[in-house]
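Undergrad: First, the structure itself, so that you have it in front of you.
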Amino acid sequence: MPVQTDRLANHLEIRELGLLFGGVRAIDNASFEALPGEVLGLIGPNGAGKTSVFNCITGFYRPTHGTIRLGGRAIEGMRPHGISRLGIRRTFQNIRLFNDLTVLHNIAAGAYATGGSQAALLEAVGQVCAELGLDRQLLLQPATSLAYGLQRRVELARALVADPRVLLVDEPGAGLNAQEKGLICSLLRDVVRSRQIAVVLIEHDLGMIARACDRVVVLDHGTVLAQGTPQQVRNDPSVIAAYIGA
Amino acid sequence: MLIGLVLGSFYALIAAGYTVIYGTVRLINFAHGDVYMIGAFVGALGFGFLSPLGVGPALVMSVLGTLLATAIVGFLIRLLLARLDSAPGSFSPIIAAVGISLVLENGAFHLWGSAPAAFPLVMPADGRKIALTLAAGIAVLLATDYWIARTKFGIAMRAVGSDHGATRLMGIRVEYVLYVTFAVFSAIAGLTGYLAGSYYGSIQFSMGFALGLKGFTAAVLGGMGNVRGALVGGLVLGFVEAFGGGWLGTEWTDVIAFSFLIAVLTLRPSGLLGETVVQRM
């Protein structure tokens, strides 16, 4: 398993991030950081700006203001492929596997930018499949023909195969049953422990957040409402108010 | 049968370009057949100019020159199309592709005239002509299939065809992949023009229109967006034309080819190797 030795390189820092859509503030001076070796939960009601934060980090949206630093290097305003090559990878709320490609080629596409030989690529695919418990017999099947839970893991494998420094995971529990959600939580914990990377997890299922996350950031209307351990934010009155609309 | 295979390999090589470009940018590149014509003329001019060096060096250098020139044409086509509105439903790219086709065809007409010109490298008129052309055509087909199905770049190209946004997040430079795709498949079209010129012995400014139409037909027949489908579609179309023409007369080949296309699409709307996509309600 690839182990990142330079832990500081895997540090994601967001300072006073802002994003305006016309007159709407999708993100409003949000600041938080994701540390190496931890899973950071990013939660909030629908429309809180969680996915917009991911889109800013990955370069799909250009922030109106604020800074995003990876290992101390400012990345805001860079193009998506450049940010990806620096080591930020993500999965999607609605699974976006490549339709016409096999599982093998889907995962291999994730490592395209890392260079290396065809043999090294196959070895990396084999390693990440073992890490995520994906049976090698699945490799030659069309990725989109797999069961939903397996597709989630293939998407995770595609993100992890390039040995990222930061992994952004967008609602991996959507559409999964309780057992599959538990598996995803365990896999994320294992990945963080073995790779010492930073993982940011968006999830509506607070049970998954409690199981998988070391710390949680709560967003509401684009602003950071609270930060802390899952237990701390669960008992925070402002968080409770945001969730139940009080 | 062999003549059908030769014809089919030309169709298949052009169809591969149509289908891959459609697969990556959802555009029917109507200028693709004209790049085939440009390849034939560049090859003829190059071989004629270099022939004092001897057949071997002139052949190698004129083929390389044809590949380079048509790759540049493909690059420039992409450069132009990339600057147009490519929003879904926009007619700009397809109208631009038709415009580029007309510019290339009419440009060739004004440069080289309307009369058929002799291709200077004439293959021997015996069985070797078919064997050589077929060997070259099949070799390019197999190399193309290998490149798309087995190499890292081929995987990236197919990923781009599936989802531009997700591909960017894999660190893949989508525009770079698109430029290379246009350049490589234009070079393949140019090489096909060179092969066809030396096979038939004559070239003409309008030769790209007919073959482009048949190449597009082969791509649809095989299943648009499916590379192996395009290769199979081209070979099948070549066979059907050769057999049908031999049976009813060559003046019937177009009637036979397009009747066959309509019959296949009626029975199998997604083409020979295309997959039927079930729309969720």
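Undergrad: Which ranges mark the strands (runs of 3 or more DSSP E) fully within the range A:131-246 that have 2 or more residues being over 20 Å from B:Leu169 (Cβ atoms)? Reasoning before the result, please.
TA: Values: elements: A:166-170, A:198-202, A:215-220, A:223-228.
Strands (runs of 3 or more DSSP E) meeting the threshold: A:215-220, A:223-228.
Undergrad: Could you grab me the full set of residues in the range B:171-182 that are aliphatic (A, V, I, L, M), closer than 18 Å to B:Gly74 by Cβ and either in contact (Cβ under 8 Å) with a residue 24 or more places away in the chain or not in a helix (DSSP H, G or I) (or both)? Walk me through how you get there before you give the answer.
TA: First, the residues of the range B:171-182 that are aliphatic (A, V, I, L, M): B:172, B:174, B:177-178, B:180.
This time we only want the ones that are closer than 18 Å to B:Gly74 by Cβ, so: B:174, B:177-178, B:180.
Across the range B:171-182, the qualifying residues are B:Val177, B:Leu178, B:Val180.
Undergrad: Just checking, does the range A:132-140 include any residue being in contact with a strand residue (DSSP E or B) (Cβ under 8 Å, 6 or more places away or on another chain), at pLDDT 95 or above and either of a type outside the set (Ser, Thr, Tyr) or on the phi < 0 side of the Ramachandran plot (or both)?
TA: Here is the first cut: in the range A:132-140, the ones in contact with a strand residue (DSSP E or B) (Cβ under 8 Å, 6 or more places away or on another chain) are A:139-140.
Next, only the ones that are at pLDDT 95 or above stay: none.
No, every residue in the range A:132-140 fails to be in contact with a strand residue (DSSP E or B) (Cβ under 8 Å, 6 or more places away or on another chain), at pLDDT 95 or above and either of a type outside the set (Ser, Thr, Tyr) or on the phi < 0 side of the Ramachandran plot (or both).
Undergrad: So which residues in the range A:63-89 are in a helix (DSSP H, G or I) and in contact with a strand residue (DSSP E or B) (Cβ under 7 Å, 6 or more places away or on another chain), if there are any at all? Outline the logic, then answer.
TA: Looking only at the range A:63-89, we keep the residues that are in a helix (DSSP H, G or I), and these are A:80-86.
Residue satisfying the conditions is A:Leu86 alone.
Undergrad: Those residues that are outside any helix (DSSP H, G or I) and over 25 Å from A:Cys185 (Cα atoms), I need them from the range A:109-130; list them, please. If you could, list the steps in order and put the result at the bottom.
TA: Taking the range A:109-130 as the starting set, the residues that turn out to be outside any helix (DSSP H, G or I) are A:111, A:115-117.
Passing the criteria: A:Gly115, A:Gly116, A:Ser117.
Matching residues to (1) surrounded by 24 or more Cβ atoms within 10 Å (Cβ to Cβ); (2) outside any loop (DSSP other than H, G, I, E, B); (3) at pLDDT 90 or above:
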site: B:Gly208; (1), (2), (3): yes, yes, yes
site: B:Leu221; (1), (2), (3): yes, yes, no
site: B:Met224; (1), (2), (3): no, no, no
site: B:Gly233; (1), (2), (3): yes, yes, yes
site: B:Val236; (1), (2), (3): no, yes, yes
site: B:Ala242; (1), (2), (3): no, yes, no
site: B:Trp247; (1), (2), (3): no, yes, no
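Undergrad: Something else now. So, in the range B:228-256, exactly how many residues are closer than 30 Å to B:Met157 by Cα, aliphatic (A, V, I, L, M) and touching an Asp or Glu at 6+ places or on another chain (Cβ under 7 Å)?
TA: 1
Undergrad: Does A:Asn29 satisfy the condition of being over 30 Å from B:Ala159 (Cβ atoms), touching a residue at least 40 places away in the same chain (Cβ under 8 Å) and surrounded by fewer than 16 Cβ atoms within 10 Å (Cβ to Cβ)?
TA: Working: over 30 Å from B:Ala159 (Cβ atoms): yes; touching a residue at least 40 places away in the same chain (Cβ under 8 Å): yes; surrounded by fewer than 16 Cβ atoms within 10 Å (Cβ to Cβ): yes.
Yes; evaluated as a whole, the condition is true for this residue.
Undergrad: Still on this structure, I have one more. Please state which of the following conditions B:Phe185 fails to meet, knowing it meets all the rest: (1) more than 19 Å from B:Gly233 (Cα to Cα); (2) touching a helix residue (DSSP H, G or I) at 6+ places or on another chain (Cβ under 6 Å).
TA: Just one mismatch for B:Phe185, condition (1).
Undergrad: Same structure again: So which residues in the range A:83-100 are at the interface with chain B (Cβ under 9 Å from one of its Cβ atoms) and either without any contact (Cβ under 8 Å) to a residue 24 or more places away in the chain or under 10 Å from the mean Cα position of the chain (by Cα) (or both)?
TA: A:Ile88, A:Arg89, A:Arg90, A:Phe92
Undergrad: Could you please tell me which pairs satisfy a Cβ distance under 8 Å, a separation of 6+ or placement on different chains, a first residue in the range B:198-212 that is closer than 16 Å to B:Pro124 by Cβ, and a second residue that is assigned to a helix (DSSP H, G or I) and β-branched (Val, Ile, Thr)?
TA: B:Ser198/B:Thr133; B:Tyr199/B:Val6; B:Tyr199/B:Thr133
Undergrad: Restricted to the range B:113-170, and to residues that are touching a residue at least 40 places away in the same chain (Cβ under 8 Å) and of a type in the set (Lys, Arg), which residue is nearest to the other protein chains (Cβ to nearest Cβ)?
TA: Restricting to residues being touching a residue at least 40 places away in the same chain (Cβ under 8 Å) and of a type in the set (Lys, Arg), the top hit is B:Arg158.
Undergrad: Given the criteria within 22 Å of B:Asn29 (Cα to Cα) and buried (at least 20 other Cβ atoms within 10 Å of the Cβ), does B:Leu273 qualify? Give the derivation first.
TA: Values: within 22 Å of B:Asn29 (Cα to Cα): yes; buried (at least 20 other Cβ atoms within 10 Å of the Cβ): no.
No; evaluated as a whole, the condition is false for this residue.
Undergrad: Continuing with this model, one more query. Six or more apart or on different chains, Cβ atoms under 9 Å: show the pairs whose first residue is in the range B:250-269 and within 11 Å of B:Val240 (Cβ to Cβ) and whose second is not in a helix (DSSP H, G or I).
TA: What qualifies is B:Val264/B:Gly271; B:Val264/B:Leu272.
Here's the yes/no breakdown for (1) assigned by TED's automatic domain parsing to the domain that holds A:Ala111; (2) at pLDDT 95 or above; (3) under 12 Å from A:Gly222 (Cβ atoms):
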position	(1), (2), (3)
A:Asp6	no, no, no
A:Asn10	no, no, no
A:Leu19	no, no, yes
A:Asn29	no, no, yes
A:Val39	no, yes, no
A:Phe60	no, no, no
A:Thr67	no, yes, no
A:Gly77	no, no, no
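Undergrad: Just to be sure before I move on: is B:Gly208 more than 14 Å from every other protein chain (Cβ to nearest Cβ) and over 17 Å from the mean Cα position of the chain (by Cα) in the structure I sent? Please lay out each step first, then the result.
TA: Details: more than 14 Å from every other protein chain (Cβ to nearest Cβ): yes; over 17 Å from the mean Cα position of the chain (by Cα): no.
So B:Gly208 does not fit the description; no.
Undergrad: Please go through the range A:26-62 and give me each residue that is assigned to a strand (DSSP E or B), small (Gly, Ala, Ser) and closer than 22 Å to A:Cys213 by Cα, ordered by number. Quick ask: steps written out before the conclusion?
TA: Our first condition is that a residue be assigned to a strand (DSSP E or B); within the range A:26-62, this holds for A:26-34, A:39-43.
Within this subset, residues satisfying the condition of being small (Gly, Ala, Ser) are A:26, A:30-31, A:34, A:41.
Result: A:Ala30, A:Ser31, A:Ala34, A:Gly41.
Undergrad: Kindly check whether there is at least one residue in the range A:93-108 that is modelled with pLDDT under 95, assigned to a helix (DSSP H, G or I) and over 25 Å from B:Val227 (Cβ atoms).
TA: Among the residues of the range A:93-108, not one is modelled with pLDDT under 95, assigned to a helix (DSSP H, G or I) and over 25 Å from B:Val227 (Cβ atoms), which makes the answer no.
The values are calculated or read from the model by the stated rules, or taken from the named source; none is laboratory data. All values derive from a computational prediction rather than experimental measurement. When we count neighbours, we look across all protein chains shown, and the Cβ atoms used for this are built from the backbone with ideal geometry, even at glycine.
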